[in-house]
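Taking it in order: structure first as structure tokens, then the write-up.
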Amino acid sequence: MTRPILILHTGGTIGMVPSDQGFVPAAGFHDRLLAQLPAHASAHASEQTSSQLPTFELLDLEPLIDSSNLVPADWHRIANALISRWADYSGFIVLHGTDTMAYTASALSFILQGCNKPVVVTGSQIPLSQLRNDALDNLITSLLLAERSDLNEVVVCFNGRILRGNRARKVSSSHLAAFDSPNFPWLGEAGIDISLKSHLLLPAGDPQFLLPDFQLPEFDPDAVAILLFYPGISASVVSALTEHQGLKGLILLSYGAGNPPEATPGLIDTLEKAAARGITLLNLTQCQQGAVSQGTYATGTTLNRIGVIPGSDLTPEAAFAKLHVLMGKGLSGERLKAALQLSLSGECN
Ligand code: ASP
């Protein structure tokens with residue numbers, strides 16, 4: 001017997017209802033969904049209907065949140081809900097708010113390294129509770145994707161685009177095409193047919209997270225920060241961050257090929273001192289496309305000298321989640337540095 005799909009509802013616009021304060025997360029998504037699904041598509045696991053959709057079960061993850069309130073500990077809750085039910089379902093859908101969807105999709109891709117089933121992260125720009133919405137379409141496409149045996153990774157499915165989870169970015173606050181992967185090709189597309197580019201897909205892995213001694217990473221919200229370089233940034237602004245109690249990893253969003261404003265008095269010195277105190281510094285480009293090449297300009301070469309790790313073509317969201325997950329697993333020093341430069345789940349070249 002084929003196993004059903006699990007839909008894990010974490011909150012976000014897709015399941016929200018109007019309130020005096022604006023849209024808020026709300027329980028009862030299951031009933032709202034069944035009311036909207038066309039009769040021939042009704043596919044709840046408890047119903048014996050002939051259906052075009054795979055059977056599914058829906059679980060609300062308490063408390064439901066607006067994803068702008070997400071903290072790294074929420075990845076623990078989401079991953080735990082999936083891992084503890086892994087054997088019972090053929091695929092998983094995570095309903096999530098769009099604001100931090102790219103962070104969560106990235107984090108899940110690292111926690112579920114060696115994935116052997118589809119994990120489809122989706123949401124919507126307009127709630128299912130509204131007459132005109134993109135929720136139903138995103139959900140139906142995700143259900144059809146979550147039953148695919150050729151998909152063995154975490155993807156974002158949104159407005160017909162099928163994107164690697166750790167390459168996805170929210171690119172629009174107003175268009176229904178809210179997600180893209182500007183630095184990596186789409187894995188597929190839902191047009192008249194749902195097509196996947198098989199040569200881009202990750203092969204089915206060997207799930208380490210199912211081993212008896214597997215432990216979910218412990219997340220420390222103070223451990224990772226992101227610093228955007230801008231014209232005129234001062235060393236004291238940088239040191240306010242590098243001297244923050246508990247900081248262990250800092251992502252530098254530098255210019256172009258990975259260039260910092262190295263002529264700023266004291267800035268490189270501040271970074272060097274942070275590196276000497278054991279803070280891992282990871283350098284990414286502010287550009288949407290391309291990768292870091294720290295030796296191209298003399299400005300970037302400075303970073304090589306002080307031990308800053310070039311972050312290749314990682315997105316900021318993927319880098320943030322990768323640092324958190326690796327540190328949460330207890331990696332530090334040279335082991336952390338080496339793992340950061342490997343592609344663990346297809347996140348970088
Ligand atoms: N603030 C919402 C959230 O991220 C936005 C959305 O879902 O589109 O939960």
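A few points about this structure:
- Total residues in the stretch 187-239 satisfying the condition of being among the acidic types (D, E) and in contact with a Leu (Cβ under 9 Å, 6 or more places away or on another chain): the figure is 2.
- Conditions (1) of a type in the set (A, V, I, L, M); (2) within 30 Å of E272 (Cβ to Cβ); (3) not in a loop (DSSP other than H, G, I, E, B): number failed by L163: (2)
- Any hit, the stretch 80-95, residues being within 16 Å of the ligand (Cβ to nearest atom), in a loop (DSSP other than H, G, I, E, B) and at pLDDT 95 or above: no
- When the residues of the stretch 1-25 are filtered to those that are free of Cβ contacts under 8 Å to residues at least 60 places away in the same chain and farther than 20 Å from V71 by Cβ, the one that is farthest from the ligand (Cβ to nearest atom) is M1.
- Restricting the stretch 130-161 to residues that are within 13 Å of the ligand (Cβ to nearest atom) and farther than 24 Å from P217 by Cβ, the residue that is surrounded by the fewest Cβ atoms within 10 Å (Cβ to Cβ): Q130
- Hey, L241 under 30 Å from A87 (Cα atoms) and among the aliphatic types (A, V, I, L, M) or not: no
The values are calculated or read from the model by the stated rules, or taken from the named source; none is laboratory data. These numbers were taken from a predicted model, which means no experiment stands behind them. Every residue, glycine as well, gets a Cβ built from its backbone with ideal geometry; the counts of neighbours run over all protein chains shown.
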